[in-house]
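Structure first, commentary second.
The values are calculated or read from the model by the stated rules, or taken from the named source; none is laboratory data. All figures in this text were calculated on a predicted structure; none of them were measured in a lab. A quick note on method: Cβ atoms are made from the backbone with ideal geometry, for glycine too, and the neighbour counts reach across all protein chains shown.
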Amino acid sequence: MAPMGSTMTSLAERRGAAPSPRALIIGTGLIGSSFGLALRGAGWHVTGSDRDPAAAVAARELGAIDDIGDDPKAELALIAVPAPQVDEVARQLLARQPDADMVVTDVAGIKGSICAAIDDPRFIGGHPMAGSEQSGVTGARSDLFLGASWVLTPGPATPPELYGRLLGAVRAVGAQAVSLAPEDHDRLVALVSHLPHLVAASLMNEASEASQSDASLLQLAAGGFRDMTRVAAGQPGIWPDVVVENRQAIIEGLDDLQQRLASVREALLSSDRPSIRDMLTQASVARRALPGQVVDPATLAQVRVPVPDRAGVLAEITAMASELSVSVVDVEIAHSVEGGRGVLIVVVDDDVAEHYAEVLRSRGFPCTVQEL
């Protein structure tokens with residue numbers, strides 16, 4: 001008996017409908033299964049596998065995947081395994097399908113070492129900035145990535161068509177792509193993710209130890225303490241590999257934080273109320289200015305960039321968007337019939353399109369802006 005997904009695809013093809021885009025997910029835990037749920041909700045056919053066969057079966061029962069196993073027709077493969085295993089799994093997959101027109105990405109919280117280890121232009125490192133205190137397929141949610149930032153790390157040889165396909169999938173699950181160099185990702189994520197997790201764990205352990213001599217302490221834990229230590233409730237298994245791999249950036253962040261805490265200590269010792277107030281005011285203003293959840297823009301514009309067909313152009317242009325905090329909604333390339341030159345079409349929110357275009361022009365990329 002044919003798998004349900006295969007039967008539905010064949011019926012659609014017999015009726016003349018365009019076949020569903022196809023994705024392969026390797027690792028059907030929290031992130032992989034959530035991605036599968038969201039993609040299937042967007043009309044994709046999803047195949048999945050896991051080193052634990054029971055996890056793959058659970059993912060299928062949940063509706064996160066259509067079929068279990070491999071899919072040589074997949075247009076997109078998501079590797080959702082622990083960070084130390086990503087490069088081996090990716091290399092095996094790419095070697096198994098050397099001629100496949102497939103983009104391969106991952107979800108690990110470290111990018112530099114992984115991207116350096118995988119020498120194939122079809123691989124684009126990724127990291128969705130989303131998660132949950134829950135783990136495994138039972139914690140999967142179709143809306144896990146809604147409004148989240150999803151870091152992508154295209155390289156000098158990344159084909160624009162594959163990058164555009166991956167962007168489309170990221171957008172399909174409700175996330176917003178941010179293009180960064182792998183090293184920039186590791187440096188920035190150390191500050192906004194890895195360091196906060198370690199600080200939250202340290203604060204939680206400090207309070208827990210103090211509660212051994214004062215049983216009332218944890219009963220007094222109010223909203224502020226709970227908010228600050230929420231991430232400490234997450235599953236610890238994935239973190240040792242990530243933080244050790246990114247240890248240099250985290251250590252630099254710890255050093256800077258220690259200096260800042262030393263300033264607070266000094267202000268307390270000297271009863272320096274103005275300095276304490278200034279510190280708290282600055283933090284309050286910065287916290288309120290944090291961006292909210294990303295939503296699809298009501299109006300979009302195309303920034304059309306004529307570019308030579310050479311390595312590195314895509315990464316350079318998308319990196320400029322990241323520098324300017326311009327969210328790239330979509331990207332595609334229109335090849336010239338004469339060959340040798342094409343037009344890179346970058347879709348962004350129309351209220352930032354002209355500024356983005358001005359910066360591109362200043363850096364040697366003539367371009368035009370067209371509203372959609």
Checklist entry - Quick check, is Ala108 of a type in the set (Gly, Ala, Ser) and under 14 Å from the mean Cα position of the chain (by Cα)? => result yes
Item to check | Index of the failed condition, Leu162 passing every other in (1) assigned by TED's automatic domain parsing to the domain that holds Asn246; (2) crowded, with 18+ Cβ neighbours inside 10 Å; (3) of a type in the set (A, V, I, L, M); (4) more than 12 Å from the chain's Cα centre (by Cα) | outcome: (1)
Checklist entry - Among the listed residues Arg260, Arg287, Arg277, which satisfies the condition of being surrounded by fewer than 17 Cβ atoms within 10 Å (Cβ to Cβ), at pLDDT below 85 and in a helix (DSSP H, G or I)? => result Arg287
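Do we have Asp255 as over 30 Å from Thr153 (Cα atoms) and loosely packed, with under 15 Cβ neighbours inside 10 Å here? Give the derivation first.
Numbers: over 30 Å from Thr153 (Cα atoms): no; loosely packed, with under 15 Cβ neighbours inside 10 Å: yes.
Here the answer is no, as Asp255 does not meet what is asked.
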Item to check | Positions within the range 198-224 being modelled with pLDDT under 85 and assigned to a helix (DSSP H, G or I), in sequence order | outcome: Leu218, Gln219, Leu220, Gly223, Gly224
